[in-house]
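Structure, as C-alpha cells:
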Amino acid sequence: MKVLAVELHRVAIPLVRPFETSFGRQTGRQVLLVRVRTDIGDGWGECVAGSDPVYSSEYVDGCENVIRHYLAPALLAVDDIAAESIAALFAFVIGHRMAKAVIETAVLDAQLRAADTSFASYFGAERTEVDCGVSVGIAPTIPALLDEVALYVAKGYRRIKLKIKPGWDLEPVAAVRELLAPDALLQVDANTAYTLLDLDHLRRLDDYNLLLIEQPFAEDDIRSHVFLAGAISTPVCLDESIVNTELALDALARGATSIINIKAGRMGGYLEALALHDACVEQAVPVWCGGMLETGLGRAANVALAALPGFSLPGDTSASDRYFAEDITEPFVLREGRLAVPTGPGSGVTVREELVSAWAQRPVELLREI
C-alpha cells in the first residue's frame, strides 16, 4: 500500500486517580496518536512515550520530532509499504523505538483492516479473553494503599502489582500480602530504583511469596541483575532492559532474568514483540504483557498480544476504568478478571474522533510527501 499522509494528534487525558512510581507522579497523560492515511484505508497507533524522559530516554515531544523529520518522510517516500518492512525502512534512525512502534502499529492497523483480519488473528492468538492484572502506584499511606488494593480485588483482578522504591517496599508489601490470600498472585515493580548495595534489603522480599520482582536496577545494568537473581528466591523479571529479542536472550543466557515483560511500544513494535514471544516459548520462558497507561487504542493491541500461548502470566492489561473515566475507544470492561480479545478488523476498536478533537492540545498536524 501507499501511505498518502501521516496525522499527528496530541491529546491530554486526565487519570481517574494519580499514579505514582519511583520516577514520578502522574495525574494525566499527554498522548500522541498517529493516523496513517493510505490508498487502501486508514490506520491508527498510540505512542507509549511519557511527557518527560524519566521512565525512558524517549518522550512525547521527542517522538513527534523524530516522526516529523525522519520517519514520516521516509514512509511517505516509498510507493509500496507493509508493516513487515517498517523496521528495515526505519533502520537508518538509531533507537527511538517508541516513535517507530506507533508508526508500525498504524500501518499494521490499516493493512489488516483492508484485509478484514484482526490483530489477534494476525498475531496467532489462541485465547478469546485474557487474565488481567493491575498495577498499583505508590500511595500516600498504607491504609490508602490497602483500600485501593481491596477495590481492585473486589473488581476481580487476578494479579496485583505494587510499585516500590527505597523507603516504600517491605512495609507496604507485608501489609498487602496480609490482606490477600497467601497464594494470591502478588508482584512488585521497582522501575530501576535500587542499586546492588540494596541486595540484602531486597532479599527480604523473599518472605512474601512474590510472583516476581520487576526491574530493580538500571536498565543497562544486567550484571547487577545477575547477582540479584543468584541471591534471592523470588524470580527476577526484566522490563526496561528489554528493548529487543537479542538483548532479552542475552539476559536470559546470563541468568539476569527468568521472566520477561514484553512491551511492544518499548521494543519498536508488535512484530519485534512477536519475535521475542516466539523465542521465549522455544526456551520455555514465561512472559507477560506490560502496560504504559494506554488508552483503548493501545490496549486493544496489547490484549490481542496477551492472547498468545506464551503469555502465561496475567499482564497489566487493565480495564479502561482503571485509568480513565472515559476512553477514546469503546471501553474495555473487566468480566470475572478477564478482558475480551477484540475480533474486528485491525485493532478491532473505533477511535472516537469527537473525543480526540475535544481533548486535543493543538490542531492536528498533517504530514504529506514534499
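The values are calculated or read from the model by the stated rules, or taken from the named source; none is laboratory data. In this text the structure is predicted, and so the values were computed from the model without any measurement. Heads up, the Cβs are rebuilt from the backbone with ideal geometry, glycines too, and the neighbour counts pull from every protein chain shown.
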(request) Give the number of residues within segment 66-125 that are of a type in the set (S, T, N, Q) and within 18 Å of Met292 (Cβ to Cβ). (result) 1
(message) Looking only at segment 299-323, filter to residues that are part of a loop (DSSP other than H, G, I, E, B) and in contact with a strand residue (DSSP E or B) (Cβ under 6 Å, 6 or more places away or on another chain); which one of those is surrounded by the most Cβ atoms within 10 Å (Cβ to Cβ)?
(response) Thr317
(request) Working only within segment 22-47, note down all residues that are within 22 Å of Asp109 (Cα to Cα), in contact with a strand residue (DSSP E or B) (Cβ under 9 Å, 6 or more places away or on another chain) and of a type in the set (Val, Ile, Thr). (result) Val31, Val34, Val36, Thr38
(request) Scan segment 305-338 residue by residue and report those that are of a type in the set (D, E, K, R) and farther than 18 Å from Cys289 by Cα. (result) Asp321, Glu326, Asp327, Glu330, Arg335, Glu336
(message) Can you pull out every residue in segment 152-172 that is surrounded by fewer than 22 Cβ atoms within 10 Å (Cβ to Cβ), of a type in the set (A, V, I, L, M) and farther than 25 Å from Leu339 by Cα?
(response) Leu170
(request) Count, please, the residues in segment 112-151 that happen to be of a type in the set (Lys, Arg) and surrounded by 18 or more Cβ atoms within 10 Å (Cβ to Cβ). (result) 1
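Report whether or not Cys280 is assigned to a strand (DSSP E or B) and either within 20 Å of the chain's Cα centre (by Cα) or assigned by TED's automatic domain parsing to the domain that holds Glu104 (or both).
no
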(request) Could you check, for segment 329-351, whether at least one of its residues is aromatic (Phe, Trp, Tyr), surrounded by fewer than 23 Cβ atoms within 10 Å (Cβ to Cβ), touching a residue at least 12 places away in the same chain (Cβ under 8 Å) and in a loop (DSSP other than H, G, I, E, B)? (result) no
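Does Ala125 satisfy the criteria of being among the hydrophobic types (A, V, I, L, M, F, W, C), touching a residue at least 12 places away in the same chain (Cβ under 8 Å), under 18 Å from Gly298 (Cα atoms) and not assigned by TED's automatic domain parsing to the domain that holds Arg35?
Yes.
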